[in-house]
Amino acid sequence: MGERWYSEAVVYCLDVDSFADSDGDGVGDIRGLIGRLDYLARLGVTCVWLHPIHPSPGGDDGYDVTDFYGVDPRLGSLGDFAELLHEARNRGIRVIIDLVVNHTSDEHPWFQSARSSPDSPYRDWYVWSETEPPDRHQGMVFPGEQRETWTYDRTAKAWYYHRFYKFQPDLNFANPRVREEVKKIVAFWLQLGVSGFRIDAAPFIIELTEPGNANSPKDFEFLTDLRAHVQWRGDDAILLAEANVEPDSLVAYFSDAGGSANRLHMLFDFMLNGKLVLALARQDPEPIIDALRDTPMLPADSQWATFIRNHDEIDLSRLTAEQREEVYQQFGPDENMRLYDRGIRRRLAPMLGGDRRRLELAYALQFSLRGTPVLRYGDEIGMGEDLAQTGRYAIRTPMQWSSAPNGGFSSAPAGQLVRPVISGGEFGYEKVNVTAQRRDPASLLAWFERMIHTLREAPEVGSGGCTHIDVPAPPGVLAHRADGPSGTMVFLHNLGTDDVEVDLGALAKEADLPVEVLADQEYGELTFDALALGGYGYRWIRLRRAA
Ligand code: NOJ
């Protein structure tokens, strides 16, 4: 593992309440997760990202917090959480948690106090307007589910601001006391031993909201301050943020202009995500090549987090309307599969028609592209979605461990589960589950283990540069390379269905001892000027290993 652990990490994200239920109450819990750490270690995961674990009324699946210093009693206790950190560390797995401080729940005691009186010490912790703001109906994140961003509160006799649902009032980051409190929250969890945070809604945290100004100024200095704080208090802890913003403003999230990274360590690569999904839909790598070319150079020590699916809808808002339509036609043909006029609420396996070859191709591609790969729980066994659930809950169904009742997730009566387990059909737990795939060396799970272990032997993928190899490749084929201090890897991925041949003869002189380390099939001897590649095929070739 290199100096910067996050560059060579494999991140696995999960909802504790949907992962494993240890006490049979129908809700997944921390003890259940501890019992599955060996599974994650064997898979090759090095970092677990937990969606919010704090007490919450659950209006937004935990992203509406009532106590930032606690653990939701449904999931366990603070003691259980400390045990989790210990057990995870024993297995070489780090834990990062969601930091959801753009807003609180409206049931948070701070908001209850703030609304009760203009003299409350917490009044200024939120964003208020005495008069109706003209931008009341602008800037909504959940169109269709959200009607406004300013809501009148009768108790407060004022309007409060909320980027997200109305039960999520925004904290006022212009108030130094709010900033200090956030730093205290961060320090608290670092003290317990987390390895960092996934910062929810980063662009909104640094926004200095002004009523009536849909383009309020941003204060990036808070990110600089937070980073310094994390470095002092957390040793090698990291900040990984969600910031789905215009490409030209991305670099400011990593560092001040021209400097080395002194703000966030990692950002989710939303740009590449949209382009990757478009490329899969078109069976054409061009959008990926565009993304590799058009993304700004990052300051030293900063890193992308690469993903195909996360816990939200696939956000296609960075694509043009025509490109979005192309993706919808392929992957979200029914209205019910789409969400917020910009996304798709499906898992990848059903999106790709359950086609095992195409799934391997998609994940081999994701894991070999620049950045640190992030995998969503259940994707390693090819879980599906439940479109009978509302909104994003379609892709938040319980983990499918076995063919036992409730998919082995819980021993509670089915009606008591946090959400129904997917049952029956191609993606039901009876067919798609960990136990069955564990027994089958040809399963998707076994493939994931192999692929991730291979990746671990190729640190240049995470730590090195990632470039498109500009050769006249057949349509559908992406050739790219990763060069780093540890050596060079070359990758071929065929997004199309035709068997093809690729000429990488120009690379032969660079190859010391070329070895094929991963491929979809046995391709025989390596001849760089005529590399065969099957439909949806992929080949990972080690070109050179540094001495
Ligand atoms: C982004 C999270 O990913 C999403 O799930 C949540 O609803 C919003 N932020 C609000 O916290």
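Structure notes:
- Count of residues meeting criterion [more than 16 Å from the ligand (Cβ to nearest atom), within 21 Å of Glu107 (Cβ to Cβ) and aliphatic (A, V, I, L, M)] in segment 39-83: 3
- Of everything in segment 142-152 that is in contact (Cβ under 8 Å) with a residue 40 or more places away in the chain and surrounded by fewer than 19 Cβ atoms within 10 Å (Cβ to Cβ), the residue that is nearest to the ligand (Cβ to nearest atom) is Phe142.
- Test: residue in segment 163-177 that is away from the ligand (no atom under 14 Å from the Cβ), in a helix (DSSP H, G or I) and under 25 Å from Trp49 (Cα atoms): no
- When Gly79 is tested against the conditions (1) in contact (Cβ under 8 Å) with a residue 40 or more places away in the chain; (2) farther than 29 Å from Gln146 by Cβ, the lone failure is (1).
- Of all the numbered requirements in (1) away from the ligand (no atom under 16 Å from the Cβ); (2) part of a helix (DSSP H, G or I); (3) farther than 30 Å from Thr131 by Cα, Gly258 misses one, and that requirement is (2).
- Residue identified as touching a helix residue (DSSP H, G or I) at 6+ places or on another chain (Cβ under 7 Å) and free of Cβ contacts under 8 Å to residues at least 12 places away in the same chain among Ser113, Ser120: Ser120
- The set of residues in segment 420-463 being assigned to a loop (DSSP other than H, G, I, E, B), crowded, with 19+ Cβ neighbours inside 10 Å and not hydroxyl-bearing (Ser, Thr, Tyr) consists of Val421, Ile422, Phe427, Val432, Asn433, Ala458, Pro459.
- Condition met for Arg31 (over 30 Å from Lys166 (Cα atoms) and either more than 16 Å from the ligand (Cβ to nearest atom) or part of a helix (DSSP H, G or I) (or both)): yes
- Identity of the residue in segment 112-122, surrounded by fewer than 19 Cβ atoms within 10 Å (Cβ to Cβ) and closer than 14 Å to Pro169 by Cα, that ends up farthest from the ligand (Cβ to nearest atom): Ser113
- Matching residues, segment 292-317, being charged (D, E, K, R) and within 16 Å of the ligand (Cβ to nearest atom): Arg309, Asp312, Glu313, Asp315
- For segment 96-109, a tally of residues being crowded, with 23+ Cβ neighbours inside 10 Å and not in a loop (DSSP other than H, G, I, E, B) returns 3.
- Test: residue in segment 323-333 that is touching a Gly at 6+ places or on another chain (Cβ under 7 Å) and not β-branched (Val, Ile, Thr): no
- Flag for Ala404 being under 19 Å from Asp315 (Cα atoms) and either assigned by TED's automatic domain parsing to the domain that holds Glu313 or touching a Cys at 6+ places or on another chain (Cβ under 6 Å) (or both): no
- Meets criteria (surrounded by fewer than 19 Cβ atoms within 10 Å (Cβ to Cβ) and in a helix (DSSP H, G or I)) for Gln138: no
- Of all the residues in segment 42-72, those that are aliphatic (A, V, I, L, M), more than 19 Å from the chain's Cα centre (by Cα) and not in a loop (DSSP other than H, G, I, E, B) number 0.
- All positions within segment 84-111 that are under 25 Å from the mean Cα position of the chain (by Cα) and either among the β-branched types (Val, Ile, Thr) or within 15 Å of the ligand (Cβ to nearest atom) (or both): Ile93, Val95, Ile96, Ile97, Asp98, Leu99, Val100, Val101, Asn102, His103, Thr104, Ser105
The values are calculated or read from the model by the stated rules, or taken from the named source; none is laboratory data. Here the structure is a predicted model, which is why all the values come from computation and not from measurement. Because the Cβ atoms are built from the backbone with ideal geometry, glycine has one as well, and the counts that use them run over all protein chains shown.
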